[in-house]
Amino acid sequence: MKITINNYIKNYLKCQKFNIERRKAPGLLHPVEAPSGPFQLIGIGYTDPFPITPQGNKYALAITDYSTKWVIAIPLPNQTAQTTAEALYEHYICIYGVPMRIFSDQDSHFNNELMGAFTQLLSCHHIKSTPYHPQTIGTIERFNTTFERQLAKVTDQQNNDWDIHLKSITFAYNIGQHATTKFSPY
């Protein structure tokens, strides 16, 4: 009986017309080429929103070097393209130089005209991850998970002073031995 019903549904004209597969076919995987040295490939990503702090911060932008696993985390009030570009310039590029490649997800704060012009001006290639597939930028996602867990241990009851602890948590992460490299990024 089940086979008969399935055959009827498969051959029914309206089912054929309206039961259309709406997913895109999976594409080919394109691995990100490993960097040959530090500060050549960085990943950037935002944490989920936190309670707004007295300083007006709600998000943290994490910048990770793919070679050394060095992390920089910046508390920010919003996730706009302008805020993102300014933070990347002030907290990374002016200190470590221009990376050859920047890897990010496809959220609007990274995938926009300003970031396109910014990376073009710097002669830096912007690589965007697969949409809706956070594993693609696993290095950033891993730090964000670690950061959020550590933050929960040190913040006040309202969790509104998280930005005060951001530097110390990032420092602790950077001096620890990384599972992949077996070295501290520090």
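The values are calculated or read from the model by the stated rules, or taken from the named source; none is laboratory data. All figures in this text were calculated on a predicted structure; none of them were measured in a lab. Using ideal geometry, Cβ is built from the backbone for each residue, glycine included, and neighbour counts are taken over all protein chains shown.
Which residues, counting only those in region 114-126, are in contact (Cβ under 8 Å) with a residue 24 or more places away in the chain and of a type outside the set (Gly, Ala, Ser)? LEU114, MET115, PHE118, LEU122, CYS124, HIS125, HIS126 - these are the residues of region 114-126 that are in contact (Cβ under 8 Å) with a residue 24 or more places away in the chain and of a type outside the set (Gly, Ala, Ser). The residue that is surrounded by the most Cβ atoms within 10 Å (Cβ to Cβ), counting only those in region 35-59 that are within 16 Å of the chain's Cα centre (by Cα) and hydroxyl-bearing (Ser, Thr, Tyr), is THR47.
Give the residues of region 60-99 that are among the small types (Gly, Ala, Ser) and either part of a helix (DSSP H, G or I) or buried (at least 19 other Cβ atoms within 10 Å of the Cβ) (or both), sorted by residue number.
ALA60, ALA62, ALA73, ALA81, ALA85, ALA87
Considering only region 82-101, I want to know if a residue exists there that is closer than 25 Å to ARG149 by Cβ, touching a helix residue (DSSP H, G or I) at 6+ places or on another chain (Cβ under 6 Å) and not polar (S, T, N, Q). Looking for residues that are closer than 25 Å to ARG149 by Cβ, touching a helix residue (DSSP H, G or I) at 6+ places or on another chain (Cβ under 6 Å) and not polar (S, T, N, Q), one finds none in region 82-101, hence no.
Within region 166-184, residues that are in contact (Cβ under 8 Å) with a residue 12 or more places away in the chain sit with their Cβ atoms under 7 Å from residues that are of a type in the set (Gly, Ala, Ser) and outside any loop (DSSP other than H, G, I, E, B), at 6+ positions apart or across chains, in these pairs: LEU166/ALA60; LEU166/ALA73; THR170/ALA73.
Only residues that are at pLDDT 75 or above, exposed (fewer than 13 other Cβ atoms within 10 Å of the Cβ) and in a helix (DSSP H, G or I) were counted in region 117-140, giving 3. Checking each residue in region 32-58 for being among the hydroxyl-bearing types (Ser, Thr, Tyr), under 25 Å from GLN120 (Cβ atoms) and touching a helix residue (DSSP H, G or I) at 6+ places or on another chain (Cβ under 9 Å) picks out only TYR46.
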